[in-house]
Amino acid sequence: MKKIVVLAVLAAAAVSGACWYWNQGKTSDAQADLRLYGNVDIRQVSIAFEVPGRIKAVHADEGQGVKRGDLLAELDTTTLRLQAAQARARLEQAEQGLKKLQNGSRPEEIEQAKSMLQAAKARERKASTDYDIAAKLWKNTATRAVSTQQYESARNALDAAKAEVTAAEQTYRLARIGPRAEDIGAAAGLRDEALANLRLLEHQIELGSLRSPQDGIVRTRLLEAGDMASSTRAVYTLALMTPKWVRVYVSEPSLGRVKPGMKAAVYTDTDPGRAIAGSVGYISSVAEFTPKSVQTEELRTSLVYEVRVLVEDPSDALRLGQPATVVLGRTP
């Protein structure tokens, strides 16, 4: 009987110990760092000319690092530069025409118009005197010293002299008051149009230089000097230096342990002893089947959630597609 009691006590103790050990292990597992596996991902951009043309030169090679604003390629802009020279000449002509109207008549021009008016009036007076004499003689039927043809010629000369005086008066008046505001406005419009055409050509010439939009590394060079470029044909594919992240996948039971902004340490097979700092930047709200590229076989047929861990990689140690191990909750 005593043996039975002792065995029962020992069995109960064993069960209690096993439960305690299992609970401790479970608690330890829950508190352990979460280890995830994925690949390095970066942004890429395809760079193309905005205007069509023949490529004159390419300056960057594949694998070369470039800075924002670096000249990568150039188009042949000879035709555009010749058109710009013509546009500058037209602009200069338009500006001179506008300036002439704005300045009005010169004093010398006003004096010249005045002199022409005085001369016209003198001719009118002479023509008037000649007409009066001719008319008097023509009307004297007794003598008829002037023929009808001479009389009409004197009258026509007087009419022409009067018309000349009227035109000279108009010229003199316009010389004094200067050009109309409408004429100045029209000339200003021509000047602005010429300036806009020149700026458009200069902008097109500037677009003939392809520059790097950001810091990065040239992944591919797709066109060469002599090729025809267009806005739909990329010349380069550029891998941007920032941002970089590791795309990993977490199972639903572990999803609650991942929080935005959570610190992480990233390891690679290239340098397994070196940890790269990172933090959780994105957690997908939609479950998906794990991509086959993930190396954990037990998760490949499971529904998981994508997580992007942003990394700080100033030394540019990580490469696109490189396998990486992410330990969440740990800092380097």
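The values are calculated or read from the model by the stated rules, or taken from the named source; none is laboratory data. Treat the numbers as computed from the prediction; the structure is a model and nothing was measured. Don't worry about glycine lacking a Cβ; one is built from the backbone with ideal geometry, like all the others, and counts go over all protein chains shown.
Yes/no matrix, rows are residues, columns are (1) in contact with a Gly (Cβ under 7 Å, 6 or more places away or on another chain); (2) closer than 30 Å to G53 by Cβ; (3) of a type in the set (F, W, Y); (4) surrounded by 15 or more Cβ atoms within 10 Å (Cβ to Cβ):
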| residue | (1), (2), (3), (4) |
| --- | --- |
| K67 | no, yes, no, no |
| E74 | yes, yes, no, yes |
| T79 | no, yes, no, no |
| Q86 | no, yes, no, no |
| L101 | no, no, no, yes |
| I110 | no, no, no, yes |
| K114 | no, no, no, yes |
| A127 | no, no, no, yes |
Members of region 35-74 that are within 16 Å of the chain's Cα centre (by Cα) and polar (S, T, N, Q): S46
Within region 149-184, residues being modelled with pLDDT under 80 and among the β-branched types (V, I, T) number 1
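Tell me, yes or no, whether region 128-136 has at least one residue that is modelled with pLDDT of 90 or more and in contact with a Leu (Cβ under 9 Å, 6 or more places away or on another chain).
Step one: of region 128-136, the residues modelled with pLDDT of 90 or more are none.
No, the conditions are met nowhere in region 128-136.
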Among the residues of region 206-213, is there at least one that is within 27 Å of A84 (Cβ to Cβ), part of a helix (DSSP H, G or I) and either at pLDDT below 95 or out of contact with any strand residue (DSSP E or B) (no Cβ under 7 Å at 6 or more places or on another chain) (or both)? yes
Test: R90 is in contact with a helix residue (DSSP H, G or I) (Cβ under 9 Å, 6 or more places away or on another chain), surrounded by 15 or more Cβ atoms within 10 Å (Cβ to Cβ) and in a helix (DSSP H, G or I): yes
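Only one of V294, V280 is under 19 Å from D33 (Cβ atoms), in contact with a Gly (Cβ under 8 Å, 6 or more places away or on another chain) and modelled with pLDDT under 85; which? Walk me through how you get there before you give the answer.
Working: V280 fails: modelled with pLDDT under 85.
Answer to the check: V294.
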So I110 passes all but one of these: (1) under 21 Å from A168 (Cα atoms); (2) aliphatic (A, V, I, L, M); (3) modelled with pLDDT of 80 or more. Which condition number does it fail? (3)
What number of residues within region 234-291 are outside any strand (DSSP E or B) and hydroxyl-bearing (S, T, Y)? 6
How many residues are in contact (Cβ under 8 Å) with a residue 60 or more places away in the chain and in contact with an Asp or Glu (Cβ under 8 Å, 6 or more places away or on another chain) when one looks only at region 250-289? 0
